[in-house]
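Visitor: Pasting a structure here, questions to come.
What follows draws every value from the coordinates through simple rules; no lab data is involved. Predicted model only: the values in this text are computed from it and were never measured. As a convention, Cβ positions derive from the backbone with ideal geometry for all residues, glycine included, and neighbour counts pool all protein chains shown.
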Amino acid sequence: MTGKAIQTRRFRLTRRRRDALWTLLRMLITLPFVLIIMVPLLYTAMMSVLPPDELYIRFWPSHFDFSSYVQVFTKTMIPRQILNSFIVAGSVTVLQMITCSMAAFAFSFLHFRGRNFVFMCILATMMVPWEATIISNYLTVARWDWVDSYKVLILPYGCSAMGIFLMRQHYLTFAKELHEAARLDGCSNWRFLGSIVLPLSRPALGALGAYIFLQQWNNYLWPLLVTSTDNVRTVQIGVASMYDVDSEQINLMMSAVVVCLVPSLSIFVFMQKNLINGLMAGAVKG
Amino acid sequence: MTPSPVPSALVKRKRRRKTLYERLEPWLFLLPALAVFVVFLYYPFFKTVYLSAFLTNRYGEAKVFVGLKNYTDILTGTRSGEFWNSIWVTVRFVFFVTLGGLTMGIVTSLLVEKRFPGNAFASAIFAMPIAIASSAASMSFKMILHPSIGLLNKLLGTQVNWLNDIRYTFGVICVLAVWLATGINFIFISAGLRNIPGELYESAAIDGANGWDKFRCITLPCLSPTLFFQVIIDVINAFQTFNIVKILTLGGPMESTNTIVYSIYLDAFRNFRFGSAAARSIILFLIIMTVTLIQFRAEKRSVHYS
């Protein structure tokens, strides 16, 4: 009896040890992959505080020199461009949350002729690549004299098939009886959407909002085409053009990159769970 | 409102014809969305098709109807060499970036699948590239690849001009694209992994399956719908990659990174040949459509749905 007990205990011990070994191995293999993602960002941050005279001789800075950050905020157009980016990305986010939740409401709660056809027409736009529309869009807004304005950056992104799709996926989880009951009590569709559906959809709306904001914050080509003055230019254009203007001031450029990454990375950190779950709800069920 | 018994109200609602407002109401909900789609998606799409049949002036106004001449010029005419090169560059780019993105996605999500100290942190890092602007990342890589002070040359002890050397530039661009695609691949593939029922692994373990067997016979088949979906996303994204080419290489050296998308940009917004650029975009649209349809066809044969 005792022999058997010892045997099982030894078996357990070795098994635990083997598991620990596997965990260690896992960590060791994970580390280089984490580094692959992290190093470019850490390097950028390090270059932004490297004193200019050490650029060619040292690898690790002897001391941190934050003067380039002061310069970014006082001598460049970056602060104005950050403001522009916030205005544009914020407006697009709010606008899309409104248009997408309204359209998704019609597609999931209301019955009307041609509902499926219209929904298909909207989903089909996901297949159309941006380069098939961008030339004509550019010519259109140029003819309307919209170039160099906020509206030209905001209105073309006023709605998205992805947003409608995500919100509809979420609405489909609501019980139909909820809508019927509200209608019988004399609640209009508008009020039902505003005071029942939307408050219950906060997680989905948050995920959609974070997704749209990130997309707009990182948008590059459209703002590049339709803006030419710093009054409306967004920060991505400003940062990307710094290499041409200040090719010698490398840490200024790197500080600008860090500054423009901070908002999007903070949104990612704070909204990570919500954002990932929201995106997955669309992907897995769809 | 006069109180009325609920059942009769229900019956009444069903029999009554809908009022005009009730019939219009759904369209009111759709109006803002449809307005955006019509003005900035449907109309410009058909206008692009229309423009592709014309010679245009500097302002993009259609001037001379030329039928399919823009297309034949690109496909077989004087500029066909440049076009077919851009197709070849794009096809290779799409292939390597999709393969690399999927590999990174599978490896990273398998690594953090089991709990270990720091696995939540590693997951956050692997998902992070979705938040990083490709333009900002391109600027970082521009420094890393800098010929004299860049990190890569310092680490390797070399003096390579990574962004202007025909042997390396294409590869470097692919690596950056894979780096940027890691986030979305990781998120979707690890979601797919989490959806595989744990009992499958348990019963396989009882049957004496080793780790490789489990991966081959359970993980891959159960993951195949996710992987299929992810391949489509990766292919479409790779076809449309523009920012990193624009910021890092401008299509060079010697057009070795001149993707179709970049050549469309040059044609339209540098050379103001809007008709020809429109024709190129339609060709690209048809390519992407065809590839996606072929993938859906292939899905039926190779993807396993439980």
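Visitor: Which of the DSSP-defined H helices in chain B satisfy a minimum axial length of 20 Å, computed from C-alpha atoms, and a minimum mean Kyte-Doolittle hydropathy of -0.5? List each step's numbers first, then the result.
Guide: Values: long enough: B:20-37 (25 Å, 1.07); B:80-111 (46 Å, 1.19); B:169-194 (37 Å, 1.77); B:220-239 (27 Å, 1.54); B:274-302 (41 Å, 0.93).
Helices meeting the span and hydropathy rule in chain B are B:20-37, B:80-111, B:169-194, B:220-239, B:274-302.
Visitor: If you don't mind, another one. With all pairs of different alpha carbon atoms counted, what Kirkwood hydrodynamic radius in Å does segment A:67-285 show?
Guide: Final number for the Kirkwood radius of segment A:67-285 is 19.4 Å.
Visitor: Only helical DSSP H runs with n ≥ 4 go in: add -39500 (n - 2.57) per run for chain A, normalise by residue count and round the 222 nm mean residue ellipticity to 500 deg cm²/dmol.
Guide: That comes out to -24500 deg cm²/dmol.
Visitor: Once each part is reduced to its C-alpha centroid, what is the distance from segment B:136-170 to segment B:74-97 in angstrom?
Guide: Their Cα centres are 25 Å away from one another.
Visitor: Between segment A:40-96 and segment B:100-131, what is the separation of their alpha carbon centroids in Å?
Guide: For segment A:40-96 versus segment B:100-131, the Cα centre distance is 27 Å.
Visitor: How high is the FRET efficiency between residue B:27 and residue A:241 when r is their beta carbon distance and R₀ equals 41 Å, given to the nearest 0.05?
Guide: Using R0 = 41 Å, I get an efficiency of 0.40.
Visitor: Expressed as a whole number of Å, what is the distance separating the alpha-carbon centroids of segment A:177-231 and segment B:240-296?
Guide: 32 Å
Visitor: Which one of B:282, B:294, B:189 has the biggest mean-square fluctuation once chain B is modelled by GNM with Cα springs under 10 Å?
Guide: The residue with the greatest mean-square fluctuation here is B:294.
Visitor: Would you work out the relative contact order for chain B, in percent, from Cα pairs under 8 angstrom that are 6 or more residues apart?
Guide: For chain B, the relative contact order is 27 percent.
Visitor: Starting from the Cα gyration tensor of the protein assembly as shown, take the square roots of the eigenvalues, sort them a ≥ b ≥ c, and report rounded, prolate or oblate (rounded when a/c is under 1.5, otherwise prolate if a/b is larger than b/c, else oblate).
Guide: The shape class here is oblate.
Visitor: Mind listing the Cα extents of segment A:72-136 along all three principal axes, in Å, largest one first?
Guide: Principal-axis extents of the Cα atoms in segment A:72-136, largest first: 58, 28, 15 Å.
Visitor: Principal axes first, then extents: for the Cα atoms of chain B, list largest minus smallest coordinate on each axis, whole Å, largest first.
Guide: 86, 72, 39
Visitor: So, R0 is 35 Å and r is the distance between the beta-carbons of residue B:166 and residue B:39; what FRET efficiency does that work out to, to 0.05? Can you show the working numbers first?
Guide: Numbers: r = 43 Å, r/R0 = 1.24.
It comes to 0.20.
Visitor: A further question follows. Which of the residue pairs B:214/B:300; B:69/B:142; A:75/B:246; B:154/B:246 have a Cα-Cα distance greater than 29 Å in the structure shown?
Guide: B:69/B:142
Visitor: Let me ask you something else. With springs connecting C-alpha atoms under 10 Å apart, model chain B as a Gaussian network and identify which of B:197, B:221, B:117 has the largest mean-square fluctuation.
Guide: Result for chain B, Cα springs under 10 Å: B:117 fluctuates most.
Visitor: Once both labels are modelled 7 Å past Cα along the beta-carbon direction, what's the residue A:183-residue A:265 spacing in nm?
Guide: Placing both labels 7 Å along Cα→Cβ, they lie 5.1 nm apart.
Visitor: Right, another one. Along Cα→Cβ, 7 Å out, is where each label goes; now give me the distance between the ones at residue A:145 and residue B:92 in nm to one decimal.
Guide: Inter-label distance under the simple model: 4.9 nm.
Visitor: When the helix-only estimate is applied to chain B (DSSP H runs of n ≥ 4, each -39,500 (n - 2.57), divided by the residue count), what is the mean residue ellipticity at 222 nm, nearest 500 deg cm²/dmol? All intermediate terms of the calculation are to be shown ahead of the outcome.
Guide: On the way: 14 runs with 197 residues, N = 306.
Rounded to the nearest 500, the figure is -21000 deg cm²/dmol.
Visitor: What distance in nm separates the simple spin-label points at residue B:299 and residue A:64, each placed 7 Å from Cα in the Cβ direction?
Guide: Placing both labels 7 Å beyond Cα along the Cβ direction yields 4.8 nm.
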